[in-house]
Amino acid sequence: MSREIIIQPHFVLIENLKELAELTKRVSSNAKSPNTLNGYASDWEDFEGWCRQLGMQCLPASPSTVAAYLAERATKQWVGPSGRLKKPILKEPLKLPTLLHRVWGIKFKHKENGFFFDSSCKEIEDVLSSLRRSNTAKEVRQDPLLLSDIRAMVEHLPNTITGIRDKALILVGFVSAMRRSEIADLKMEDIRFVEEGIEIRLNWSKTGSREIQLPYGSNPFTCPVRALKAWIKISNVFDGAVFRSINKHGQIGGRAMSGASVALIVKRNAYVKLKISMASEKGDHSLTYSGHSLRAGFCTTAASQGVPEHLIMAQAGHKKSDTTKKYIRIANKWKDNAAIKLGL
């Protein structure tokens, strides 16, 4: 018995391939968090607008075009959108972390449209290397919030729905060593409560998927597991974004907060503001805290307490030991200082 062979028309095969490409694109986009994708879109919008102004091709972009864009954004003031209404305002030159993010956004757009983009090519690397050495694009150092700071921060929070949310965010953010974008994008579906505490599965982390364990704390007041349970109970958040915005009437929003909101929660904390104020009165105006201070604080505290490097790397999701060693050096800068050994 012969088997009938069905040959699809050529145009049908083309349509199927298009559908497959679209499906692949949609599934691949889920590998990035919504905040990351929004950030990339903003990066591309600025680069595309810059190219349009100068009559340059943006897709695909030549390395020299991207290098020129980075050099100008790092050294000159520029007009860009601000706020929800996207009102144009005069902005200061961009710092190095923002410039690097611009490169990632440009690379992502090229990849999304099937173009190869070599972000490590000589033209771009030369500009970035020069900016790293210059004063115009120095990274702003964010001070770590250590264990004593975290305890004081939660003690200064009011017993309100906002205070309960902020307490959970601060404690979970500190112990998990998550990035501020990871805290903002955390969903109930990523969390599993177990006998020992909480297991968090991040499938969309910047450095790849990883699991984080949050054990019960010995002190109930500063226990991240109990704090998160208290927030879930009062907010009735059982799916979707864990940490959400709260308006002045105490009403909880339905969407995830942004990474900038995580930083704001840290900066506006009464203890943090008091600490900065007291330091300023003594002439020290260098203290800078942000959402990254929670992550940096965990790594520095763990290093100072002798936690092995590989365990810090696993919790924080560091791919390179050089990153972890930076926090170890900060933690031990006085203990291992050569000048102390002189005996003066």
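Each reported figure results from applying straightforward, stated rules to the coordinates on display, with no laboratory input. All figures in this text were calculated on a predicted structure; none of them were measured in a lab. All Cβ positions, even for glycine, are placed from backbone atoms using ideal geometry, and neighbour counts span all protein chains on display.
So for the pair SER321, ILE340, with labels modelled 7 Å out along Cα→Cβ, what separation do we get in nm?
2.3 nm
Please give the contour-minus-distance gain from GLU125 to SER62: 0.36 nm per residue of separation, less the Cα-Cα distance, rounded to one decimal in nm. Present the calculation step by step, with values, prior to reporting the outcome.
On the way: separation 63, 0.36 × 63 = 22.68 nm, distance 1.37 nm.
Length difference between fully extended and current span is 21.3 nm.
Which one, THR65, TRP104, PHE115, is farthest towards the positive end of the dipole of the stretch 32-133 when Lys and Arg carry +1 and Asp and Glu -1 on their Cβ?
TRP104
Does the stretch 147-331 come out rounded, prolate or oblate, given a ≥ b ≥ c as the square roots of the eigenvalues of its C-alpha gyration tensor, rounded meaning a/c under 1.5 and, failing that, prolate meaning a/b above b/c?
Values: a/c = 1.59, a/b = 1.07, b/c = 1.49.
Judged from the Cα gyration tensor, the stretch 147-331 comes out oblate (a/c at least 1.5, b/c at or above a/b).
Rounded if a/c is under 1.5, else prolate if a/b is larger than b/c, else oblate: which is the stretch 173-252, with a ≥ b ≥ c the root eigenvalues of its Cα gyration tensor? Intermediate values should be presented prior to the final figure.
Values: a/c = 1.73, a/b = 1.13, b/c = 1.53.
Oblate, because a/c is 1.5 or more while a/b does not exceed b/c.
Going by Cα centres, the stretch 260-322 and the stretch 81-116 are how many Å apart?
If you average the Cα positions of each part, the centres end up 26 Å apart.
For the stretch 32-133, what class follows from the C-alpha gyration tensor (a ≥ b ≥ c being the square roots of its eigenvalues): rounded when a/c is under 1.5, otherwise prolate if a/b is larger than b/c, else oblate?
Numbers: a/c = 1.43, a/b = 1.12, b/c = 1.27.
Rounded.
What number, rounded to the nearest 500 deg cm²/dmol, is the helix-based mean residue ellipticity at 222 nm of the chain, given -39500 (n - 2.57) per DSSP H run of at least four residues and division by all its residues? Mind showing how you got there, number by number?
On the way: 14 runs with 179 residues, N = 344.
Dividing the helical sum by the residues of the chain leaves -16500 deg cm²/dmol.
For the chain, with only Lys/Arg (+1) and Asp/Glu (-1) charged at the beta-carbon, what is the dipole magnitude about the Cα centre, in debye rounded to 20? If you can, show how the numbers build up before the last one.
On the way: 52 positive and 34 negative charges, 182 e Å.
Charge dipole of the chain: 880 debye, to the nearest 20.
Treat the count of other C-beta atoms within 10 Å as a stand-in for reagent exposure and order THR324, THR162 from fewest to most. If you can, show how the numbers build up before the last one.
Numbers: THR324 21, THR162 16.
Lowest count first: THR162, THR324.
Only counting other Cβ atoms within 10 Å, I'd like CYS223, CYS299 sorted with the fewest neighbours first. Don't skip to the end; give the middle numbers.
On the way: CYS223 19, CYS299 24.
Ranking CYS223, CYS299 by Cβ neighbours within 10 Å, fewest first, gives CYS223, CYS299.
Would you mind ranking ASP149, ASP239, ASP190 by Cβ crowding within 10 Å, fewest neighbours first? Walk me through the intermediate numbers first.
Numbers: ASP149 21, ASP239 8, ASP190 16.
Listing ASP149, ASP239, ASP190 from fewest to most nearby Cβ atoms yields ASP239, ASP190, ASP149.
First measure r as the distance between the Cβ atoms of VAL194 and ASN159, then evaluate 1/(1 + (r/R0)^6) with R0 = 25 Å and state the FRET efficiency to the nearest 0.05.
Numbers: r = 28 Å, r/R0 = 1.12.
With a Förster radius of 25 Å, E is 0.35.
Taking 0.36 nm per intervening residue step and subtracting the Cα-Cα distance, what contour gain separates ASN113 from SER148 on full extension?
Working: separation 35, 0.36 × 35 = 12.60 nm, distance 4.85 nm.
Using 0.36 nm per residue and subtracting the Cα-Cα distance, I get 7.8 nm.
With a point put 7 Å past each Cα toward its Cβ, work out how far ARG210 is from LEU311 in nm, to one decimal.
Output for this residue pair reads 1.6 nm.
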